[in-house]
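Values in this text are rule-based calculations from the coordinates and carry no lab data. Bear in mind the structure is a predicted one, so any value in this text is a computation, not a measurement. For neighbour counting, all protein chains shown are included, and Cβ atoms are generated from backbone atoms with ideal geometry for every residue, glycine included.
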């Protein structure tokens, strides 16, 4: 892919990142973090992904602070069009407080439906 096409794709992804929930069927996020989740925020299925009929999963590496907030999150696998939606959602999650930091992988599954 050319550098110009990559730049255009990134610009489109940034604009489409906040699009509505249309087309989202089941996007269940399941963590491999040894901590109980107090509240989960569902990822918004991007409009661009809906138009492309794109499905798949995004794996996000999460570091949770002792107070239960997400301290750091980065995508470690998945389609770039879906990545920002997963990051935006997991950063809003809250976990049970513990004595120290914990980390793990959260897997967001995106499935379009008609």
Gain in length, residue 105 to residue 53, computed as 0.36 nm per residue apart minus the alpha-carbon separation, to one decimal in nm? 16.2 nm
Gained length - residue 41 relative to residue 88, 0.36 nm times residue gap less alpha-carbon distance: 16.0 nm
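May I ask you to sort 94, 50, 36 by Cβ crowding, counting other Cβ atoms within 10 Å and putting the fewest first?
Details: 94 15, 50 19, 36 10.
Starting with the residue having the fewest Cβ neighbours, the order is 36, 94, 50.
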For the pair residue 34 and residue 61, how long in nm is the line joining their label points, each one 7 Å along Cα→Cβ? 1.9
Could you put 103, 57 in order, starting from the residue whose Cβ has the fewest other Cβ atoms within 10 Å? 103, 57
Can you give the extra length, in nm with one decimal, that the chain gains between residue 69 and residue 98 once fully stretched, where that is 0.36 nm per residue apart less the Cα-Cα distance? 9.4 nm
